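What follows is calculated from the coordinates using simple rules that are stated; it is not laboratory data. Computed from a prediction, not measured in an experiment: that's the story for all the values here. Note that each Cβ is placed from the backbone with ideal geometry, even for glycine, and that neighbours are counted across all protein chains shown.
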Amino acid sequence: MEPSSYSASFGRYLKAIRESRNIAISSVADQIRVSVWHLSLIEAEDHEKLPDEVYVRGTLRAYAVYIGVDPADIIERYEINRNAWLHATAAEREILSSGRYSVFRMTIALCVLAAVAVTSISLFEKHAHRELPGPATETPEVAGLADFVYYASEIPDEAGRSDSLQAGAFGNRMDGWIHLRLVALSEIRVEIHIDDGEKESFSFNPKDEMRVEAKEQFRLYVSDVGGIRIYLNDHPLDVDGEPEQDVNIVIRKSPPEDETDDIDTPA
């Protein structure tokens, strides 16, 4: 079915579920580390002002996982909605650039836009009244000591230096944060502690992706080390361990001077 004749709500759907669970938009923004303004654009489905597609997909995945919605379903809705918007916008541009403002062509363009709006509303109402998905299942507690400890300061940048915290992460932003990207290869459970915050538990499906940031450290529990790829400051992190092995991982900014943890630290 062509995108011009079919669309689905993604932002309003997320908003309806968030509000039904009494979750403030500011809480979502704090948890997934995205501005409230960007989340408002997503909930309004404002493609005109939304940033690039890759950023929106990552934000939608994190948003969906946090409030307990299937990320794959939300991404599919977003792609259908965006393609319909692009199709309608292209049709409008063609009419305006041609200089032929015939009643017939204008009517076609308006019909396309009306079809997108009506279908989006009907799908939104249909899904808003179905049974809402539940939150992720709780995962085991993270142990006091990790199986593996990694230091962001030891991840080399493109020039081979060990100062990637200052020059490597996400477009060479000199922000001093530790940036982590998690990409699921299979169905897994992940538990995340960011700095001194509360633990968060997530259920990932294959191809699900999440980006998170920390000032000092991450503590992760992964139910299957072979089912996930971890990128630290845009560099792949090779975690020792066998497939289907559950591990605890600590990722810190740099080794403390008085490091005393009795843990094997990979070279």
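Hey, could you grab the Kirkwood Rh for region 204-243? Inverse mean 1/r over distinct alpha carbon pairs, Å, one decimal.
11.7
Give the cross-link partners of K207 among the lysines, using a straight C-alpha distance below 23 Å as the criterion and excluding same-chain residues fewer than 8 apart.
The qualifying lysines are K199.
For an R0 of 45 angstrom, estimate the FRET efficiency from the Cβ-Cβ distance between K215 and R57 and round to the nearest 0.05.
After rounding to 0.05, the efficiency reads 0.95.
Quote the relative contact order of region 181-230 in percent (integer), defining contacts as alpha-carbon pairs under 8 Å separated by 6+ residues.
Dividing the mean separation by the residue count of region 181-230 yields 52 percent.
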